[in-house]
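What follows is a single structure, written as structure tokens, with notes after it.
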Amino acid sequence: MIDVVEVGKVYGKKDQAFTALADVSFTVPDGASVAIIGKSGSGKSTLMHIMSGLDHPTKGAIVVDSEDISALKRKALDRFRAEKIGFIFQAFFVQANESCYHNVSLPLEIARIGGNKRRTRIQAALKQVELADKIDQKAKNLSGGQKQRLAIARAIVNMPKIIFADEPTGNLDSATGEKIEKLLFDFNRKLGSTLVIVTHDDDLAAKCDMQIHMKDGRITQITKKKVVAS
Amino acid sequence: MRITDTIARAARSLRQAKGRTILTSLAIAVGALTLTITMAAGNGIRAYTDRLVANNFDPSESIVGRDKEIANTGAPDGSPKEYDDSVTSLSFGGSGGSVQIKQVTDADILEIEKLPYVESVRPNYQISPRYVTREGSKKYTLSLEAYNPGQKPELVAGTLPAKDLAGDDVVLPEGYVSLLGFRDAKDALGKTVTVTIQQPYSQEALQEFVMKSLAGAVSEGQPIQNTEDITLTISAVSKKGAASLSSAGLSLYVGSAKAKDMYDYTTKGTSQYGKYSYVSIRVKDGADVTVANRAKDDLQSRGYYVVTSQDIQKTIRQFVDILQILVAVFGVITVIASIFGIVNTMYISVLERTREIGLMKALGMRGRHVGWLFRIEAAWIGLLGGAIGSGLALLIGTLINPWLTKTLNLGSGNSILIFDAWQIIGLITALILVAIAAGWFPARKAARLDPIDALRTE
């Protein structure tokens, strides 16, 4: 469960102060899929950064599994991300010159998982995104959709509790985008990991259990699919 | 992140920028090449001079004199000195320079011989014979010394006694063999040669000559001088070796008793008679530095000046060390110049991979580990540069060593470039550390990047 409690984020000081987030509060149940929707500048990316422990809020708390991560020191926060969070970005951010194997290997290396365990997990993750045959290919030789699948493999290899996806289909054509969406929701259901998608795509948002609409740093509306039992 | 994973990642990212990596490494390689060659040359020259000293100076021997100049290894002191009866002028061959030296007398030798730690004393007999010849052969100039058992020359034929040459025995340098009409060195063994020595002009002979000249009885020529022909039996033929100081292969050696007879004969009636510019002493167990130094201190407290074999070795070594340092400075300067190359390369690498750094940090990699990723990258550059430089040095050394040995006439088995694996390993390690230091600030920049900013970078 992720509890976002009265989170605020202010950039700059005094006269130049800019409020990116104000009084944001909501709760995401374990295993749910959540869409954070809003135009650019609405504060949705800032919210994702704070929820994932990349950024500190100016006020408020983020409670993940009864631990307030906004109070964690940098080292503990790094560990939190390494162990519990998976990231998927709009621009993929795969390491172009590394092989698929070494791309997926990165989170395991950071978490100090080695040997056979590492190899089996990488192979399994690549198999799940149907890239098993590209294991030794360099990431730069992959197509856009394949790159995003590789990024998904990297996000799930560590079996994270929460996966954050920032505009996961933004750089893809609609057919490829749909495949990626399907993969994401499949893992959300199969692995039981919470999925947080940041998007301005209403169709994608509609496929989630819960939609948080943002504007000017505030939540304007929270909608939920009926099927979700909270 | 484990160190092995960090090293592997750093190596892979370097492989992606091969051209840049190799060019940066080459700058270090030049420094490594210079330093490796310098170290090898230092080793070689030191080994060579050690052999030189070992072949020419018995470690338990010291030179003992009455004059400060004996112990002065630098240029002679030219300042005037108080006159002393035992002072004689010694001239240096060729250069025309001369130096006044307070000499060691026979009485001094008696005193030194009685000292408990002195095993033996050999005065330095400076004999200037006129010529050496043999029946049916021309006359040749020569230098002649008393045989020193601690300074055995390399031989072509014959054998050398352990202690001293007996009676009329002589060691003949190789160069005289054919001049004196022997078939070869073996042929010369057991045969005789004649060395002619002369007495100084006697007062009477000089007076007689002057009177005769004034009377017009002689228009040219010189006063009569007493000479003596000494017949010597060749017991060995010496070789001009690379590990001998210049005169060693050129002098005839006779036994010390014979040398004393000859010295006394050639100095009779002069101020040199019974005096020697220095004597060589053999100290009991003097191969031990502390024993030799204790003997030195004692002799110096008795008013002698002493140079031990170690002193000579030290002087030669100092000279080699200074030369080596001069060359090494060039290598160090090259390495310093290459540091800027590494710093530049590492900054470019950090800049190019800003988003990658952002990703790694987002995934929970510690800033410290990101920093080390880049430092190890720099270390790889240092390793590569060191390996290329040392490898080239080894190659060059292997190729030119035989040629150098031949050109410098060192004798087979001697090399000027001697490579020491541990020195090379040490050098490469040092270069790796230098490279890590050079990569420190770029790596710190990487470590401090904010993941959100880094990921936003286009």
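Among the residues in region B:322-334, are any under 16 Å from the mean Cα position of the chain (by Cα), surrounded by 13 or more Cβ atoms within 10 Å (Cβ to Cβ) and in contact (Cβ under 8 Å) with a residue 24 or more places away in the chain? Among the residues of region B:322-334, at least one is under 16 Å from the mean Cα position of the chain (by Cα), surrounded by 13 or more Cβ atoms within 10 Å (Cβ to Cβ) and in contact (Cβ under 8 Å) with a residue 24 or more places away in the chain, which makes the answer yes.
Every condition in (1) within 29 Å of the chain's Cα centre (by Cα); (2) touching a residue at least 24 places away in the same chain (Cβ under 8 Å) is met by B:ASP169 except one, and the failing one is (1).
Could you pull out every one of the strands (runs of 3 or more DSSP E) wholly within region B:1-111 that has 1 or more residues that are at pLDDT 85 or above?
Working: elements: B:61-65, B:87-91, B:98-102.
Passing ranges, in order: B:61-65.
Figure legend. Inter-residue proximity from region A:107-121: first residues free of Cβ contacts under 8 Å to residues at least 40 places away in the same chain and facing chain B (nearest Cβ under 9 Å), second residues in a loop (DSSP other than H, G, I, E, B) and surrounded by 14 or more Cβ atoms within 10 Å (Cβ to Cβ), beta-carbon distance below 8 Å, spacing 6+ or different chains. Indicated pairs: A:GLU109/B:MET1; A:ILE110/B:MET1; A:ILE110/B:LEU363; A:ILE110/B:GLY364; A:ILE110/B:MET365; A:ARG112/B:MET1. Checked against the criteria, B:SER213 counts as of a type in the set (Ser, Thr, Tyr), in a helix (DSSP H, G or I) and surrounded by 12 or more Cβ atoms within 10 Å (Cβ to Cβ).
Scanning region A:85-98 for residues that are more than 9 Å from chain B (Cβ to nearest Cβ) and either without any contact (Cβ under 8 Å) to a residue 24 or more places away in the chain or not in a loop (DSSP other than H, G, I, E, B) (or both) returns a single hit, A:ILE88.
In the set A:LEU126, A:LEU72, only one residue is more than 10 Å from chain B (Cβ to nearest Cβ) and under 24 Å from A:LYS147 (Cα atoms); that residue is A:LEU126. Scanning region B:346-394 for residues that are more than 42 Å from the chain's Cα centre (by Cα) and over 24 Å from A:GLU109 (Cβ atoms) yields B:TYR347, B:ILE348. In this entry, B:ARG66 passes the filter for residues that are among the basic types (Lys, Arg) and either more than 21 Å from B:PHE319 (Cβ to Cβ) or not assigned by TED's automatic domain parsing to the domain that holds B:LEU394 (or both). Restricting attention to region B:16-47, the residues that are out of contact with any helix residue (DSSP H, G or I) (no Cβ under 8 Å at 6 or more places or on another chain) and of a type in the set (Gly, Ala, Ser) total 3. All conditions in (1) within 14 Å of another protein chain (Cβ to nearest Cβ); (2) outside any helix (DSSP H, G or I); (3) touching a Ser or Thr at 6+ places or on another chain (Cβ under 8 Å) hold for B:ARG355, with the sole exception of (2).
Highlighted here are the strands (runs of 3 or more DSSP E) found entirely within region B:133-201 that include at least 2 residues which are over 18 Å from B:ARG122 (Cα atoms): B:155-158, B:169-173, B:192-198. Would a scan of region A:32-52 turn up a residue that is closer than 30 Å to B:THR4 by Cβ and within 11 Å of chain B (Cβ to nearest Cβ)? Among the residues of region A:32-52, at least one is closer than 30 Å to B:THR4 by Cβ and within 11 Å of chain B (Cβ to nearest Cβ), which makes the answer yes.
Within region A:183-229, being part of a helix (DSSP H, G or I), within 14 Å of A:GLY31 (Cα to Cα) and among the aliphatic types (A, V, I, L, M) holds for A:LEU184, A:LEU191.
Please find, within region B:415-458, the residue that is farthest from B:THR21 (Cα to Cα) out of those that are within 14 Å of chain A (Cβ to nearest Cβ) and not in a loop (DSSP other than H, G, I, E, B).
Among them, the one singled out is B:ILE452.
Could you please let me know if B:MET360 is in a helix (DSSP H, G or I), crowded, with 20+ Cβ neighbours inside 10 Å and within 9 Å of another protein chain (Cβ to nearest Cβ)? Talk me through it step by step, then tell me what you get.
Values: in a helix (DSSP H, G or I): yes; crowded, with 20+ Cβ neighbours inside 10 Å: yes; within 9 Å of another protein chain (Cβ to nearest Cβ): yes.
Yes; evaluated as a whole, the condition is true for this residue.
Tell me, please, whether a residue that is charged (D, E, K, R), in a helix (DSSP H, G or I) and away from chain A (no Cβ under 14 Å) can be found in region B:365-386. Don't jump to the end; show me each part of the working.
Here is the first cut: in region B:365-386, the residues charged (D, E, K, R) are B:366, B:368, B:375, B:377.
Keeping just the survivors that are in a helix (DSSP H, G or I) gives B:368, B:375, B:377.
Remaining after also requiring away from chain A (no Cβ under 14 Å): B:375.
Yes: one or more hits.
The values are calculated or read from the model by the stated rules, or taken from the named source; none is laboratory data. Quick caveat, the model's predicted, so the values are computed rather than measured. Every residue, glycine as well, gets a Cβ built from its backbone with ideal geometry; the counts of neighbours run over all protein chains shown.
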